[in-house]
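The values are calculated or read from the model by the stated rules, or taken from the named source; none is laboratory data. As the structure is a computational prediction, the values presented were derived from the model and not from experiment. Every residue, glycine as well, gets a Cβ built from its backbone with ideal geometry; the counts of neighbours run over all protein chains shown. Please note that ligands, DNA and RNA were not included when accessible areas were found on the heavy atoms of the full protein model with its side chains. Shrake-Rupley method; radii C 1.70, N 1.55, O 1.52, S 1.80 Å.
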Amino acid sequence: MIPYLGSHVPMAAPLFYEGTARTALSWGEDAFMFYTGAPQNTRRRPLEELRIPEGRAILKERGLDEGKILVHAPYLINLANLGNKETRGFSLRALKDEMRRTKAFGLSLLVFHPGASLSFPREEAMKAVSSALDEALSEVEGVWILLEAMAGKGTELGSSFEEISMMIEGCSRKERVGVCLDTCHVHDAGYSLDDADALLKEFDRVLGLGRLRAVHLNDSKNPRGARKDRHENIGMGAIGLDRLFRLASHPLLRDVPKILETPYVGEKAPYKKEIAMLRQGIFEEGWRESL
């Protein structure tokens, strides 16, 4: 049995968060992640329209721990952009706003892509991320920012545990900075998932397991080290169900929410079936055709 297993769950009109909660439960999830608006932009509906009390009531009735629910920040935030003060200021405002919205849902974990250095030195860009995180954390209490481990495409920051550590150590308020370990990303960045013990030992050596607050559980379309970041359905990619199962069921990750972000099959969400396979640790041939 893998505790705290779920997926990215959409939030849409007319039920909004109430619908998100109902969908997650219907897929057999005891953890999940959502965006408070479209991930590609920062346009957001007013909180009072999102049926937050109704969603929270359903979660409470069913006994779901809100500490295992994640919000993901918009993709376009880039605090590492040293060449455009306006863009960086926009990104920082967007991050602060998403932290406040996370808090309004009664939640405390916000996943965030560290950004890209573009044409600037990586070390300077990472220092820029650290200083921006300090400013955001000083203004919004009660929310953890989780830096997501990235695949390393282009000039992405955070494709190694060492880079993530540098950004965290550069913060004076690092007591509320954690890490989200994405299996597709670390695989594409070159880390091996053959041995879950070895991977977690390396994470602990560089970052400390206390900072590992979430896992994105994704298969990969690419060979290890490809640095491409293309998610695949569970058991259909280069990582495979067995490796993902061993990591997700590892005792050190028992209390960590594990979230799937795998592709839809046509227009159908695969998560209910993928979660069932992961809980059993058994891959079912032809499962996508049976959806």
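Roll a 1.4 angstrom probe over the protein heavy atoms and tell me the percent of accessible area of the range 155-291 that is carbon or sulfur. Before the final figure, lay out each step's value.
Working: 2750 of 5880 Å².
Looking at the range 155-291 in its full context, I get 47 percent from C and S.
In terms of its C-alpha gyration tensor, the chain comes out oblate, because a/c is 1.5 or above while a/b does not outweigh b/c.
If I ignore ligands, DNA and RNA and count only protein heavy atoms, how much of Ser172 is accessible to a 1.4 Å probe, in Å² to the nearest 10? Result for Ser172: roughly 90 Å² accessible.
Among the trypsin sites (Lys or Arg not before Pro) in the range 235-291, those placed in a DSSP loop whose Cβ has at most 15 other Cβ atoms within 10 Å are Arg254. Which pairs break 23 Å Cα to Cα here: Lys221/Lys272; Lys153/Lys221; Lys103/Lys272? Those over the limit are Lys103/Lys272.
Which net charge results for the neighbourhood of Lys228, defined as the other residues with beta-carbon distances under 10 angstrom from its beta-carbon, given Lys and Arg at +1 and Asp and Glu at -1? Once all neighbours under 10 Å are counted, the net charge is +2.
The amide H of Asp182, built 1.01 Å from its N in the peptide plane, has Ala149, His216 as neighbours under 5 Å, considering only residues 5 or more places off or on other chains.
Annotation for the range 1-106: chymotrypsin sites (Phe, Trp or Tyr not before Pro) lying in DSSP loop with at most 15 further Cβ atoms inside 10 Å of their Cβ are Tyr75. Shape call for the range 220-291 from the C-alpha gyration tensor, a ≥ b ≥ c root eigenvalues: rounded (a/c under 1.5), prolate (a/b greater than b/c) or oblate? Taking the square roots of the gyration eigenvalues as a ≥ b ≥ c, the range 220-291 is oblate.
Applying the criteria of a DSSP loop state and at most 13 other Cβ atoms within 10 Å to the trypsin sites (Lys or Arg not before Pro) of the range 1-63 yields Arg43, Arg62. Summing charges over neighbours of Asn218, with a neighbour being any other residue whose Cβ is under 9 Å away from its Cβ, gives -4 when K and R count +1 and D and E count -1. Ordered from highest to lowest accessible area with the whole protein assembly present and a 1.4 Å probe, Asp188, Asp242 read as Asp242, Asp188.
Pairs from the list Lys201/Lys268; Lys60/Lys96; Lys96/Lys258 with a Cα-Cα gap above 32 Å: Lys201/Lys268.
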